[in-house]
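Asks: There's a structure below that I have some questions on.
Coordinate-derived values only; no laboratory data. These figures come from a predicted structure and were not determined experimentally. Cβ coordinates were reconstructed from backbone atoms using ideal geometry, including for glycine residues, and neighbour counts include every protein chain displayed.
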Amino acid sequence: MASLNREAAPGSGAQVEVRCAVVGSGPSGFYAAEALLKQLPKAQVDLFEGLPTPFGLVRYGVAPDHPRIKSVTASFERIAESPRLRFFGNVHIGRDLQGSELLAHYHTVIYATGGSQSRALDIPGIDRDNVFGSSEFVGWYNGHPDQRTLPVDTSPGSAVVIGMGNVALDIARMLVLAPVQLAKTDIADEALAVLTDSNITEVCLLARRGPVQAAFTPKELEQLMALPDVELVVEPQDLQLDGASEVQLAQPESGEARQNLALLRRIVERGQGGSKRIRFLFNVSPVEISSDGEQQQCLSLARNRLQDDGQGRLVAKATGESLRVSAGLVVHATGYQGQAVGDLNFDPRRGVIQNREGRAFAREEVLSSQEFVAGWIKRGASGVIGSNKHCANETVDQLLKQLPEAPGAIEKDIQVLLESRGVNYVSFADWRLLDAHEQSLGKAVGRPRRLITDVPQML
């Protein structure tokens, strides 16, 4: 894309007291940029994104039928309008630029790279066809360029979603939503075609523990309950709580769990039928993905009971009982995690860059005075979009404590380096052209937008 914004940075040179880089343009990246602009009135903030498109998981993670949640991008647009902020899309740190080069061009760098990978599920058969992590599957129906050709097969009649958080419920909903409803959203064209021709009539949602410990919110469950022609199935015995769960349910912080349990009981009582079905299976763990005698893919499960681990936590323990469910399509949605960035110390178990209140540890476990983290790469995949604002503000507060009172002048401009390397970066003005184009394509067919999912086509 021929950029419309190749002029020198506003306030460049002596007028800029601090040069700041933010890597990642999802909610955390924009909130960090906003905090920097407010706290440092003479700062120049450059926002880097590996894709040509901004907004991270708001674009590629929020379900297509949740347009109200996606509307938060309007506030990010306003942040991007600051003359002291530049957007460099289609710039991959580690490919087009190295972390060491950022440190040479900026006084401070904030990594807000999110949690873009699915947590691994280590069971036999996980590498079989038509088995996907939630980040791949959600990226596929949301038009992420890396997942546009994901070989999803919806010809089998059954699907299993391992996990029972909000992402798992989103996936189940997308699998049973009527094509006429899908066609009103901004779902990727490739996914719309596959789901329109889907034979899936039953989706099983699996949770290792019981309904009190389930991670979904009442609002997500109510959305499933409102789906027309979809039967929700909950086994009454799964709602019979053990003593420890009863105690947990009575705690003041368990308000959402109490709402969830009331809704699940209402599902049992109403007994509503439908041509498609979503089954809730609690207290089960996946054991193996294999084929049955008729060569149909299935998932073996172990039944669990809850047990106190001696530290006040209820953990799932196998009872020795087992069962098997048909699983033509399997999506494991047990959480997201981040990826390692450069030489910063990475915790592979938690999937975060090790940090202290946002200040990153270098690989030799020394706190960096220039490198910081915000969002999911800082604290793990938790909270809602708004949670990232407080997180980013905390990080910027720590950054300000490390910033010298009179930072030395940095005359080098990263834009010059990118252009010298022929990097085809995308400015925010460029993005707005693509945004308008997508909306125009959508308007022609009665949809909010039609996503461009191919990077060369974007450019």
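Asks: How far is it, in nm, from the label point at ARG350 to the one at VAL384 when both lie 7 Å from their Cα along the line to the Cβ?
Replies: Using points 7 Å along Cα→Cβ, the separation is 2.5 nm.
Asks: What number comes out for the charge environment of ASP309, summing +1 per Lys or Arg and -1 per Asp or Glu over other residues with Cβ under 15 Å away?
Replies: +3
Asks: Just for the chain, what percent of DSSP beta bridges are antiparallel, to the closest 5?
Replies: If I count the DSSP bridges inside the chain, around 40 percent turn out antiparallel.
Asks: Turning to a different aspect of this structure: When the chain is fully extended, how far beyond the present Cα-Cα distance does ILE410 get from ARG313, taking 0.36 nm per residue of separation?
Replies: Full-extension gain reported as 29.8 nm.
Asks: Moving to a separate point now. What is the distance, in nm, between label points placed 7 Å from the Cα along the Cα-to-Cβ direction at ASP122 and at ILE79?
Replies: About 3.6 nm, to one decimal.
Asks: Nearest 10 degrees is fine. How inclined is helix 428-443 to the longest principal axis of the chain, computing both from alpha carbons?
Replies: 40
Asks: For region 94-140, what's the radius of gyration and Dmax over Cα atoms, in angstrom?
Replies: Both quantities, over Cα of region 94-140: 17.1, 48 Å.
Asks: How charged is the neighbourhood of ARG208? Take every other residue with its Cβ under 12 Å from the Cβ of ARG208, and add Lys/Arg as +1 and Asp/Glu as -1.
Replies: In short, +4.
Asks: I've got another one for you. For SER322 paired with SER369, estimate the spin-label separation in nm (one decimal), with each label point 7 Å from Cα along the Cα-to-Cβ line.
Replies: With each label point 7 Å from Cα toward Cβ, the separation is 5.9 nm.
Asks: Which angle from 0 to 90°, rounded to the nearest 10, does the C-alpha axis of helix 387-402 make with the longest principal axis of the chain?
Replies: 30
Asks: Let me ask something else. What is the Cα coordinate range of the chain on the first, second and third principal axes, sorted by size from largest, in whole angstrom?
Replies: Largest first, the chain extends 70, 56, 37 Å along its Cα principal axes.
Asks: Moving on to the next point. Pulled fully out, how much extra length does the chain show between ASP229 and GLU253, if you take 0.36 nm times their separation in residues and subtract their Cα-Cα distance?
Replies: Once the chain is fully extended between ASP229 and GLU253, it gains 5.2 nm.
Asks: Say a paramagnetic label sat at a point 7 Å from the Cα of ARG270, along Cα to Cβ; which residues of region 194-228 have their backbone N under 15 Å from it?
Replies: Residues 218-228 fall inside that zone.
Asks: Then there is this: Taking the Cα centre of the chain as origin, work out the dipole magnitude from +1 charges on Lys and Arg Cβ and -1 charges on Asp and Glu Cβ, in debye rounded to 20.
Replies: So the dipole magnitude of the chain works out to roughly 760 debye.
Asks: A further question on this structure: Using a Förster distance of 30 angstrom, determine the FRET efficiency expected from the C-beta separation of GLN457 and THR196, and round it to 0.05.
Replies: It comes to 0.85.
Asks: Could I ask something else about it? Over all directions, what mean area does the Cα convex hull of region 232-353 project, stated in square nanometres?
Replies: Dividing the Cα hull surface by four gives the mean projection, 11.9 nm².
Asks: Pulled fully out, how much extra length does the chain show between ALA244 and ARG277, if you take 0.36 nm times their separation in residues and subtract their Cα-Cα distance?
Replies: The ALA244-ARG277 span can extend by a further 8.8 nm.
Asks: Work out Dmax and Rg for region 120-332 from the C-alpha atoms and quote the Rg first, both in angstrom.
Replies: 17.3, 51
Asks: Provide, in order from the shortest bin, the percent of all Cα-Cα pairs of region 19-84 in each 10 Å bin, continuing until the bin that contains the maximum pair distance.
Replies: 21, 52, 22, 4, 0
Asks: Count the net charge of all other residues whose Cβ sits under 14 Å from the Cβ of TYR106, scoring Lys and Arg as +1 and Asp and Glu as -1.
Replies: With Lys, Arg at +1 and Asp, Glu at -1, the net is -2.
Asks: Right, next: Need one word for region 365-459: rounded, prolate or oblate. Basis is the Cα gyration tensor (sqrt eigenvalues a ≥ b ≥ c); a/c below 1.5 gives rounded, then a/b vs b/c decides.
Replies: Oblate, since a/c reaches 1.5 and b/c is not below a/b.
Asks: Restricting to DSSP H runs of at least four residues, report the calculated mean residue ellipticity at 222 nm for the chain, -39500 (n - 2.57) per run over all residues, nearest 500 deg cm²/dmol.
Replies: -8500 deg cm²/dmol
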